[in-house]
Every structure is written in C-alpha cells, then in structure tokens.
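Encoded as structure tokens, the structure appears first; notes follow it.
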Amino acid sequence: GWRFKWLSSHGGDFNYDYGVSFTKEQVAAGDVGYNYGTTPYAHEELHGISVFYKDQAGNIFHTYSASARQV
C-alpha cells in the first residue's frame, strides 16, 4: 500500500491563502471569496482540501484542491 505523511494547517495562515478561512471583517462585510465566488457566508472557516507532492529534490507541487460540494 501507499504511505504518505498527513499534515495539518492548524495554527497557521495557510487556510487564508487558500480561501477557506476568513477574518471577522471579511465575514461582516460579506466579502468571502469561496469556491470561485463571493458569497455572504456567516462562518470564518469553511471546508476544503489541498494535495501537494514533494519530489526527491525538495520541490513542492500543488496538485489538487477541492472545496464546497467537492469535499
């Protein structure tokens, strides 16, 4: 079987960079860009998943992301 490391973005700003976490100000203004649209969500956190690949040279590639109904 396959073996790979699971990592978490908890405690960092990664989720903001990938559009699944939002500031209180963004939520209050209805300025939440999520799943390729701007919708007035009432939550600071929404679900999403991103997959990365690290090659033997240490290069990191973003290979896949999903949000909303895709997760």
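Does ASP31 qualify as being farther than 19 Å from GLN70 by Cα and modelled with pLDDT under 85?
So ASP31 fits the description; yes.
If I filter the range 44-69 down to residues being outside any strand (DSSP E or B) and touching a Phe, Trp or Tyr at 6+ places or on another chain (Cβ under 8 Å), which single residue comes out as nearest to GLU25 (Cα to Cα)?
The residue in question is GLU44.
Among the residues of the range 19-43, count how many are among the small types (Gly, Ala, Ser), exposed (fewer than 10 other Cβ atoms within 10 Å of the Cβ) and part of a loop (DSSP other than H, G, I, E, B).
Total meeting the criteria: 1.
When LEU7 is evaluated against the numbered criteria (1) on the phi > 0 side of the Ramachandran plot; (2) at pLDDT below 85, which criterion, by number, is the only one it fails?
LEU7 satisfies every listed condition except (1).
So, in the range 1-45, how many residues would count as being small (Gly, Ala, Ser) and over 30 Å from GLN56 (Cα atoms)?
7
Can you report the number of residues in the range 1-21 which are closer than 13 Å to SER67 by Cβ and hydrophobic (A, V, I, L, M, F, W, C)?
Within the range 1-21, residues that are closer than 13 Å to SER67 by Cβ and hydrophobic (A, V, I, L, M, F, W, C) number 1.
The values are calculated or read from the model by the stated rules, or taken from the named source; none is laboratory data. Keep in mind the model is a prediction, meaning the values are calculated, not measured. Cβ sites come from the backbone with ideal geometry, for glycine too, and all protein chains shown count toward neighbours.
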